[in-house]
1. To the nearest 0.05, what FRET efficiency results for B:ALA109 and A:ASP263 with a Förster distance of 41 Å applied to their C-beta separation?
2. Of A:LYS280/A:LYS402; A:LYS326/A:LYS405; A:LYS301/A:LYS326; A:LYS30/A:LYS107; A:LYS149/A:LYS326, which pairs sit farther than 18 Å apart, going by alpha carbon to alpha carbon?
3. Given only helices, namely DSSP H runs of n ≥ 4 each adding -39500 (n - 2.57), what is the per-residue ellipticity at 222 nm of the protein assembly as shown, to the nearest 500 deg cm²/dmol?
4. From the phi of every residue in the stretch A:67-80, what ³J(HN,Hα) in whole Hz does the Karplus formula 6.51 cos²θ - 1.76 cosθ + 1.60 yield, where θ is phi - 60° and glycine or proline is x?
5. To check my understanding: the extent here is largest minus smallest coordinate of the Cα atoms along each principal axis. What are those three numbers for the stretch B:45-126, in Å, largest first?
6. Starting from the alpha-carbon convex hull of the stretch B:204-272, give the projected area averaged over all orientations, in nm².
7. Label-point separation (nm) for A:ASN316 and B:LEU67, each offset 7 Å from Cα along Cα-to-Cβ?
8. With +1 on the Cβ of every Lys and Arg and -1 on the Cβ of every Asp and Glu, and nothing else charged, how large is the dipole of the stretch B:24-223 about its Cα centre, in debye rounded to the nearest 20?
Amino acid sequence: MKNIVQKTLAVMAAAGTLAAMPVHAAENGKFRVGVVTFLSGAAAGPFGVPSINGAKVLVDALNQGKVPAPYNVKGINGLEIETVVIDENGGATKQVEEFRNLAERHKVDAVVGYISSGDCLAISPVAEELGVPTVFFDCGTSRLFEENKTPRYVFRTGLDAAIDNIAAARYLVDSGRKVEAIAGIQQNYAWGQDSWGDFTAAIKQLKPGVKVTTEQFPKIFQGQYGAEISALALSNPDVIHSSFWGGDMEALVLQGNARGLFDKRSAILTCGESALDRFKGQASNGLIVGGRGPFGAFAPKNTLSDWFHAAYMAKNEIEPTYPAYKMVQAILGLKAAAEKAAAGKAGTVPGKDALVGAFSNLTFESVSGSVNMSRAKGHQALQGIAYGEYHYDAKTKKASLKNIKAYAGECVTPPDGTTAGEWIKAGFPGAKCGG
Amino acid sequence: MTTFYAIFIDGMIYASWLFLVAAGLTVIYGVMRILNMAHGSFYAIGAYCAASMVGWYFSDFDGNPYLSYLLLIGCALVAGLVVGVVIEQGLLRFMYKRNELLMIIITYALLLILEDTTKLAFGVDPYFTYQPYALLGRSDIGGLAFANYDLLLVAVSAIIGLGCWLVLNRTHVGKVLRAVIHDREIAVAMGVNVRLMFAGTFIVGTTLGALAGALTAPSISVSPGIGVEVIVLAFAVVVVGGLGSIEGAIVGALLVGMTRSLAVHLAPQIELFVIYGVMSLVLAVRPQGLFGRTLARKI
């Protein structure tokens, strides 16, 4: 009797386990994608929400076959896209667990996501170990492909953060502004430290003799920058550089503007585009902003970007910022690679080795123009980047960008096999910046 | 010379903000012996309520912009009162005889619950209600511009500090509260309604937390997680000054604010370290904090 009970319980447990396990996406006729972005925490508002909203707009439209060519095939290769959305908040250890869940329990065909550089660095070896095609859409750490020298399953369709700062230095010099003394204010963690290191190295190459008047590294999410603003103002630089993002950036701009910090000098915010419509005139006209690539307000006019802008506005009633474009770019890259790998066999999920093979060195069309996966052995996108000046019209209550200058990818990206630091130190050898 | 002015004024502004944030925490600990981890959530709730109401006022009304300051304070009072009553009556009054360590865990759980509740109520999009901050303009002091709103906060903070001190030291209620602080059991024996004192103190503490959030909201982007960020600083201030002491919180805030300002101007590389450096130094010399009392253990 005891044995019967034990066996019955064992069968019930096994049946329960099977019932709880989703079938493999290929078996239910769908292409299952894990989408990971910040849904809570301080990065949710400026980055996570726009990116997940962008993903929803695109996936819905793809499933209905409403995206313009060359993405007018329904879903991915004719299969409906099914998303499993995960909150990126909680740190790298939690994200590794979530990633394993996506791979082993949800049996996703691919994962798209990750804003935090720490999360990307933690996920990269796990993705390689589990063999899950993974597309990083936003994290900017240069260490991603410096640590993963032989990537197979890991791709990044967003740009390396070093490019933001090399282009920022070029923009300042090219715009003819006075750049003899510079100061920086960065969040005190890897992102801020690396951004300032790349920027100062680049500007010193382009403008020898430039002097650093002060370097401020307040704690991330500090919110109050009174003393830092005084220190910046008293050091009297010609240019203030900041890689601040989210609420910290908005607070710095508000508090600095109220005290006239930006009145008599140039200031450049590498992530400024993400708050373009949120500054509401509290930023000084002429403030230089970047969008971490040709995204958001810097996106080129083409059929795809026009369609996406209209679709996003219709659904969310707010301008899409650069994280939305970057997320869409990653999903479009995945779709292009999967359909190339399927080689015309519609309605099938390509094998993951075929998929990553097709993704390597792929050139695909995106909301930001053509994307060429030509760096890091075909796993890192090569794209241009642009900077421009913020201008606010009090009558229309609209912000716009003026004096935009775009740089080609080859102008601001180190060649394969060379780190950004080495390339800057050597004086940007081989950079193709055109006229 | 300008650097000297800047260090002093920046230090005062930061210290006044720190005091605003820490005042409620130290009041609650002083009277109730509850190390309230949820204090950061009261700050966040005050900030969210104020930011959403002021945002609504400026977008939907064409009224006098200066009325927005009343709205800030009104929101803080209402939010603090409602949250204070609900938490005190609904949860804490059943826990008063529990161990202090258990109360830390309970209030930590409360912090997590309130963080998620705030997210559910206000969403994850940041609130940027700059109007009250920008409205007052700026003043030039020693060749450096300061936002008048920040300077006004120094005065507000001084008024709150003075008010707390006067209530505790110059009123009948204050005398009763001090009796409760010194010996709860004797106070009960003398006929003091300790439960009522606890309820009132907790509501005052939550309101001070909410007021700090509401007054900070116009100068920051109000976003998820702001409450967790301030609680660490608030603890540093009250630990330096001595847990439960208003005078201690004032001196602790001044010490931390001035030291941090000095570091930002003269050695920005160690700015992160100095706050906790000061705290460690004070605790090494006076483990009970600058104004804390060493309590005899009852056996």
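We did not get these values from a lab; they are worked out from the coordinates using the rules stated. Since this is a predicted model, take the numbers as computed values, not measurements. Positions of Cβ are backbone-derived with ideal geometry, glycine not excepted, and every protein chain shown enters the neighbour counts.
1. E(calc), rounded to 0.05, equals 0.30.
2. A:LYS326/A:LYS405; A:LYS149/A:LYS326
3. Numbers: 26 runs with 393 residues, N = 734.
Helix contribution divided over all residues of the protein assembly as shown: -17500 deg cm²/dmol.
4. Listing the rounded values in order: 8, x, 4, x, 10, 8, 6, 4, x, 10, 6, x, 8, 4 Hz.
5. If we take the Cα atoms of the stretch B:45-126, the spans are 52, 24, 16 Å.
6. Working: hull surface 21.8 nm².
That works out to 5.5 nm², a quarter of the Cα hull's surface.
7. Spacing of the two 7 Å Cα→Cβ label points: 3.4 nm.
8. On the way: 11 positive and 11 negative charges, 170 e Å.
Roughly 820 debye for the stretch B:24-223.
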